[in-house]
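Throughout, read-outs are computed from the coordinates displayed, never taken from laboratory work. As the structure is a computational prediction, the values presented were derived from the model and not from experiment. Don't worry about glycine lacking a Cβ; one is built from the backbone with ideal geometry, like all the others, and counts go over all protein chains shown.
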Amino acid sequence: QTMPSMWDSRSNGKEHPNLKWFKDAKFGIFIHWGLYSKLAGEWQSKRYYGSGEWLMYQAKISAKDYGLVAGEFNPLKFNATEWVDLIKSSGARYMVVTAKHHEGFAMFDSKVSDFSITKASPYGKDVMKELSGAAANAKLPFGFYYSQFLDWHEPNGGGNDWDFKQSKDYHKYYEEKSIPQLKELLTNYGKLGMVWFDMPGGLNKQETQFLVDDLHKLQPQTLFSSRVGQGLGDYMDFGDSEMPAEPIAKPWEAIYTFNDSWGYIAHDQNFKTSSDIIRLIATASSKGGNLMLNIGPDGDGSIPQANIDCLKSVGRWLKVNGESIYASIAGFIPAQPWGVTTSKPGKLYLHIFQRPNNGKLLVPGFSPKAISVSTLAGSVALKWRQTGEDLEVTLPNVPVTGLADEVLTVSYAGKTPDYQNSMPITVSAAY
Ligand code: H79
């Protein structure tokens, strides 16, 4: 299925002018945090697995019972500065946090709903305010996730058909809660890098266009994710945990989880390793896009220690190898058995995921004239030869840097070649 071109359908028909920072960032952190984090994948002694933020739906919890969880949400270990410091140390260049997920609970102070952390929880503080402030202090672009259509707490919100069975007035929900809360988020929390909409519904194209234009008036520089619907976003998100098969020049982002859930689940320790994450970042970069990696903090406000250690390790790798990632463009050599490539003018970066057994790294289809090959870290010159369009690099017996996922830099003369198998944009996402 070929997507309608979301990038051409904005009201003025033009790409958003503020996309450069987003395209150059390459790595962001997503945070899913809400009442579901406190429930941690368990309801009435029954354990659920996968997408902990969907527990209310999975266990068909009534809005009334679920509402009581707010009275127990007291994340005393939460420290916004610590979270932002950790994200900075991971090398991520933006963050997005759930202001309201499908459960309907506002993690911020809202004038239009009492179902919020400031009005319904003993904690009583606006954690979104603290996070946006900490991110601003750290000069980290900051965005809100906001579920604009699904709201299982509201009789007229999308999705909850287990206790609101009457026909719904979605427009009433948009007018009374969704749009006013989006406006609060775009007004009271400083400059936003993006609003990360999710799961559109209930609005036709014209209405969505109106919403987008209306909200952009509050902060014209803020980017909107493609899941605002109707092809009206500023950048593309694919399906959850989905990577496009081929490079795409337009701005896009792939979103992945640390384990098998977005929201915290106590009994899911299936965490990716730092090498897994480095490879996801390199793979997204090799196709010209960003990776946004999700963390699910505990309902007590703490981030799992395994995630902290892993993010710091990713940050150490990016400190050394960031030149091959930040502000890079898709590599002009497609994925190889040994790994992927990224590019900058005059340079091709070889990301080695799998060392060839014979120590000879073949780069087929290398059309420009190579000048030198070296490790990115430490700039150790390596032996190489080019025969026509075959570039062969002799790898040292031991990785030079001692780091996993070593990167080599190939310098070459002349123009950057086009990506070999450039393909039309064909993605399965239906947003
Ligand atoms: O916020 C995360 C998800 O909760 C949200 N998008 C990401 C960023 C999302 N909303 N809807 N969906 C994802 C798709 C819905 C998938 C489902 Fe299921 C399949 C709902 C019911 C079956 C996954 C498995 C969730 C519950 C069980």
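If you build a Gaussian network model of the chain, linking Cα atoms that sit under 10 Å apart, which residue out of GLY359, GLY157, GLY299 swings the most?
Of GLY359, GLY157, GLY299, the most mobile in the Gaussian network model is GLY359.
Three principal axis extents, largest first, for the C-alpha atoms of the stretch 220-264, in Å?
If we take the Cα atoms of the stretch 220-264, the spans are 33, 26, 19 Å.
Only loop residues by DSSP count here, and only those with at most 10 other Cβ atoms within 10 Å; note down the chymotrypsin sites (Phe, Trp or Tyr not before Pro) in the stretch 39-100 that meet that.
Answer by residue number: there is no such site.
According to a simple spin-label model (label point 7 Å from Cα along Cα-to-Cβ), what is the distance in nm between ASP65 and ARG47?
For ARG47 paired with ASP65, the spin-label model returns 2.0 nm.
To the nearest 0.05, what FRET efficiency results for LYS111 and GLN221 with a Förster distance of 22 Å applied to their C-beta separation?
Calculated value: 0.35.
For HIS171 and ASP390, calculate 0.36 nm times their separation in residues minus their Cα-Cα distance, and state this gained length in nm to one decimal.
Result for the pair: 72.9 nm of gain on full extension.
Once you have the Cα-Cα distance between ASP24 and ASP85, take 0.36 nm times their residue separation minus that, and quote the gain in nm to one decimal.
Answer, rounded to one decimal: 19.9 nm.
For the stretch 218-304, report the convex hull volume of the alpha-carbon atoms normalised per residue, in Å³, without decimals.
136
What is the sum of charges around ASN290, taking Lys and Arg as +1, Asp and Glu as -1, for the other residues whose C-beta is under 14 Å from the C-beta of ASN290?
Spelling it out: positives minus negatives among the neighbours equals +1.
Quick one, what does Rg over Rh come out to for the stretch 65-112 if you take C-alpha atoms and the Kirkwood Rh?
1.05
With r defined as the distance between the Cβ atoms of VAL398 and ASP300 and R0 fixed at 56 Å, what FRET efficiency is calculated, to the nearest 0.05?
0.80
Give the angle, between 0 and 90 degrees and rounded to the nearest 10, that separates the Cα long axis of helix 80-89 from the longest principal axis of the Cα atoms of the chain.
Tilt relative to the chain: about 20 degrees.
Where in the stretch 144-193 are there trypsin sites (Lys or Arg not before Pro) that are in a DSSP coil and have at most 16 other Cβ atoms within 10 angstrom of their Cβ?
Here the sparse-neighbourhood loop sites are LYS165, LYS191.
How big is the C-alpha Rg of the stretch 313-358 next to the rule-of-thumb value 2.2 N^0.38 Å, as a ratio?
The value comes to 1.21.
When Lys and Arg each count +1 and Asp and Glu each count -1, what net charge do the other residues less than 9 Å away from HIS351, Cβ to Cβ, add up to?
The answer is -1.
So what is the calculated 222 nm ellipticity per residue for the chain, using -39500 (n - 2.57) for each DSSP H run with n of 4 or more, over all residues, to the nearest 500 deg cm²/dmol?
After summing the helix terms and dividing by residue count, I get -6500 deg cm²/dmol.
Can you pull out the trypsin sites (Lys or Arg not before Pro) in the stretch 299-360 that DSSP calls coil and that have at most 12 other Cβ atoms within 10 Å?
Qualifying residues, ordered by number: none.
Principal axes first, then extents: for the Cα atoms of the chain, list largest minus smallest coordinate on each axis, whole Å, largest first.
71, 46, 37
Could you pull the Cα extents of the stretch 93-135 along its three principal axes, largest to smallest, in whole Å?
33, 21, 17
Of the candidates LEU192, LEU140, LEU391, which one comes out as most mobile in a Gaussian network treatment of the chain with C-alpha springs shorter than 10 Å?
In this elastic network of the chain, the residue with the biggest mean-square fluctuation among LEU192, LEU140, LEU391 is LEU391.
Eigenvalues of the Cα gyration tensor times 5, then square-rooted: what semi-axes does that give for the stretch 13-90, in whole angstrom, largest first?
Working from the Cα gyration tensor, I get semi-axes of 33, 18, 12 Å.
Over 18 Å apart: what share of the alpha carbon pairs of the stretch 128-190 falls there, rounded to a whole percent?
Percentage above 18 Å: 47.
Give me the percent of Cα-Cα pairs in the stretch 252-357 that sit more than 17 Å apart, rounded to a whole number.
56
If only Cα atoms are counted, what is the Rg of the stretch 331-413, and what is its Dmax, in Å?
For the stretch 331-413, the Cα-based Rg and Dmax read 11.4, 32 Å.
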